[in-house]
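Notes follow the structure.
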Amino acid sequence: MTTRRMLLKGTIATLGGMAAARAIGAEHRPNDVGRKFAADGRVVPFRGNTIICHLPQQGEGSEPFDALLDVYRELPGESWSRKVTALPPSSYHMTVFGGANDKERRYPLWPAGLALDMPMEECDRILAERLRSFKLGEDAAPYRMRVNPEAPSAHETPLTLRLLTADADTEKRLLQLRDRLSEVTGIHEPGHDRYQFHITLGYQVAPLTDDEDAAWRHSLANWKTMIAQRAPIITLGNPEYCLLNDMFAFKRQFYLS
């Protein structure tokens, strides 16, 4: 009996330890693991729609894209790079207004008036109809942005390039546009009025050590300096209504006009 009780206690202790380990792992798991990416870094389905401005890749205004390509080239040499999944450069964009997606079917993240169990294709179609009749008016491009030189917060993750509007006129037009898009789509994200414009270059998929955290912050600071020198102003064109199956590609359906 004593032996059986000891074995039982040992089993319970082992199971408890495993549960605790799983809880700790879940607590420290990056937010987008299990949502946009697998724990091994593979991209997973994330169907939805969005309104974005792709970075110009050729011709006039392509200097920011060229600078970001150099970041993409250097990334594999970083000590922490195995813990992030880099996005394809063809996907580089600034989000103007996040749309609806298949994994966040709750109001107010889902369009008001649309059933929560509506097929994603139908949601895409209805928002497209609303946006085709939407007029940019005085809120049309160009949008002049610049790199935010401030250090990222303690909770920031690697490979997010924060942006600031380069002038008061761009700021006024973008904020007005976001308000109007919220009305026409029926989507009102929490923190709508505090949205920070940015370009995402990749997603963290594993916890970082203290040394790795310090290393990416150092590299990001250097990259931001380089980008700002080569592209003091990032000029973007009119927003695009895009569909996505995952975070690797944002398929333009049409430009807002």
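Condition (residue is closer than 29 Å to D213 by Cα, at pLDDT 95 or above and open to solvent by less than 60 Å² (accessible area, probe 1.4 Å)) applied to region 97-112: is it met by at least one residue?
yes
May I ask you to list the residues in region 43-91 that are without any contact (Cβ under 8 Å) to a residue 40 or more places away in the chain and of a type in the set (G, A, S)?
Correct list: G59, S62, G77, S81.
Going through region 232-245 one residue at a time, which ones are open to solvent by 40 Å² or more (accessible area, probe 1.4 Å) and either touching a Lys or Arg at 6+ places or on another chain (Cβ under 6 Å) or not in a loop (DSSP other than H, G, I, E, B) (or both)?
Once the filter is applied, which keeps residues that are open to solvent by 40 Å² or more (accessible area, probe 1.4 Å) and either touching a Lys or Arg at 6+ places or on another chain (Cβ under 6 Å) or not in a loop (DSSP other than H, G, I, E, B) (or both), region 232-245 yields I233, T235, L243, N245.
Determine the pairs where a residue that is among the hydroxyl-bearing types (S, T, Y) and modelled with pLDDT of 95 or more, located within region 216-232, has a partner that is assigned to a helix (DSSP H, G or I) and surrounded by 16 or more Cβ atoms within 10 Å (Cβ to Cβ) with Cβ atoms under 9 Å apart, the partner being 6 or more residues away or on another chain.
Sorted first by the residue in region 216-232, then by its partner, the pairs are S219/V71; S219/L75.
With respect to K251, is the statement that it is modelled with pLDDT of 95 or more, open to solvent by 70 Å² or more (accessible area, probe 1.4 Å) and in contact with a Leu (Cβ under 6 Å, 6 or more places away or on another chain) true?
Here the answer is yes, as K251 does meet what is asked.
With over 30 Å from S133 (Cβ atoms), open to solvent by 20 Å² or more (accessible area, probe 1.4 Å) and in contact with a strand residue (DSSP E or B) (Cβ under 8 Å, 6 or more places away or on another chain) as the only criterion, which of Q229, Q204 stands out?
The match here is Q204.
Of everything in region 144-168, what is among the polar types (S, T, N, Q) and either under 19 Å from E74 (Cα atoms) or not in a strand (DSSP E or B) (or both)? Give them in sequence order.
Selection gives N148, S153, T157, T160.
Taking region 137-151, which residues are in contact with a Lys or Arg (Cβ under 9 Å, 6 or more places away or on another chain) and surrounded by 15 or more Cβ atoms within 10 Å (Cβ to Cβ)?
D139, A140, A141, Y143, V147, N148
Quick one: count up the residues across region 33-63 that are open to solvent by 20 Å² or more (accessible area, probe 1.4 Å), in a loop (DSSP other than H, G, I, E, B) and out of contact with any Ser or Thr (no Cβ under 6 Å at 6 or more places or on another chain).
13
Filter region 46-79 down to the residues that are farther than 30 Å from L136 by Cα and out of contact with any strand residue (DSSP E or B) (no Cβ under 9 Å at 6 or more places or on another chain) and list them by number. Full working, then the answer.
Filtering region 46-79 down to residues farther than 30 Å from L136 by Cα leaves 69-79.
Those that are farther than 30 Å from L136 by Cα and out of contact with any strand residue (DSSP E or B) (no Cβ under 9 Å at 6 or more places or on another chain): L69, D70, R73, E74, G77, S79.
Which is closer than 15 Å to M94 by Cα and not polar (S, T, N, Q), of I199, I187?
I199
Can you tell me how many residues within region 188-201 are at positive phi and touching a residue at least 40 places away in the same chain (Cβ under 8 Å)?
Initial filter on region 188-201 (at positive phi): 191.
Filter again for touching a residue at least 40 places away in the same chain (Cβ under 8 Å), leaving none.
Residues that pass the stated criteria total 0.
For region 102-148, name all the residues that are touching a residue at least 60 places away in the same chain (Cβ under 8 Å) and among the small types (G, A, S).
A112, G113, A128, A140, A141
Any chance you could count how many residues in region 166-201 are in contact with a strand residue (DSSP E or B) (Cβ under 6 Å, 6 or more places away or on another chain), of a type in the set (V, I, T) and open to solvent by 30 Å² or more (accessible area, probe 1.4 Å)?
Matching residues across region 166-201 total 0.
The values are calculated or read from the model by the stated rules, or taken from the named source; none is laboratory data. As the structure is a prediction and not an experimental result, all values here were calculated from the model. Cβ sites come from the backbone with ideal geometry, for glycine too, and all protein chains shown count toward neighbours. Heavy atoms of the whole protein, side chains included, go into the accessibility calculation; ligands, DNA and RNA do not. Shrake-Rupley method; radii C 1.70, N 1.55, O 1.52, S 1.80 Å.
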